[in-house]
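Every read-out reported here was derived from the displayed coordinates using simple, explicitly stated rules and does not represent laboratory data. What you are looking at is a predicted structure, and each value in this text was computed from that prediction instead of being measured. Reconstructed Cβ throughout: ideal geometry from the backbone, glycine too, with neighbour counts over all protein chains shown.
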Amino acid sequence: MTHARKITRSAHPLLTRLRLYGSLIKSMQTALLLVTGVVGYLSAGRALAGHGWELAGVAGSLFLAISGATVLNMWYDRDIDARMTRTCWRPLPAGRIAPAEALALGVALTALGVGWALAMDPLFGIIVFAGFFFDVFVYTLWLKRRTPWSIVWGGVSGAMPLLAGRALTLGHIDAIGLLLAAAIVFWIPTHILTFAMRYAEDYARAGVPTVPGVYGFRVARLAIALSSLLASTAMIVAAWGVGVTAGGISVMIVLSAALLILALTSILRPSQQRNSQLFKFASLYMLISMIIIAL
């Protein structure tokens, strides 16, 4: 009994540390990007039978690379996070993880993820690295603190997991893969701008330029409506291209119509409640669309 208690006590600090590390990778965001990568792999018609290890490699390498990029973003943005009510509790601004430790973790996760991807297939690895490069160097380090349109490059990085997964299956980048990637690039503003409007005061306090902060909420809502239209159109055309059934296409059309109605309603009758509904539905729309394409 005494020995068991000693083991539990000695393991406790490690578990605590792992939980802190887990909060650095933004699990929901990482999970959604991981899903798109797996969908990209399956969208080219790769059967699961006999390819389980390859699929595990796709998921594992993407998880590590995405997590590593996210940790590095958190490391660099720790000063911004400290000034925002929404993020000041995170481990880095709260002082529960040292910056050097987070930097080492981010570099290690990224190196493992990108290295694993390159070992699986050079093209797959290059696209995974491109996602990391656009996310960390172009979006976070270069543009995020300079222009509200940094979200476009954030969207490009968000599209790379899907493009990488499909390219691994096919051995090349094709038009449908680019169309699916474009759907994600166009969907990103709907996700980010609704969030930026909800926490507009936080972003202003941190000195981060956002579309609603620089151009106003109406321009942000118009951008959301346009991006939702482009995203849903690209998604439906891509779904048709990969051979989704008429039933699946019909579901996607209904979901797209609902997304557009919410976006237009937020313009005509703006409110924080409608903004929150649009934010949540946009994520649900992307998740269901990815599942339909995968199936």
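In the set 110, 87, which member is touching a residue at least 24 places away in the same chain (Cβ under 8 Å), farther than 29 Å from residue 205 by Cα and among the β-branched types (Val, Ile, Thr)? Matching residue, one of 110, 87: 110.
What tally of residues in the range 235-260 results from selecting those that are within 19 Å of residue 41 (Cβ to Cβ) and among the hydrophobic types (A, V, I, L, M, F, W, C)?
Taking the range 235-260 and keeping what is within 19 Å of residue 41 (Cβ to Cβ), we get 235, 238-239, 241-244, 248.
Next, only the ones that are among the hydrophobic types (A, V, I, L, M, F, W, C) stay: 235, 238-239, 242, 244.
The qualifying residues number 5.
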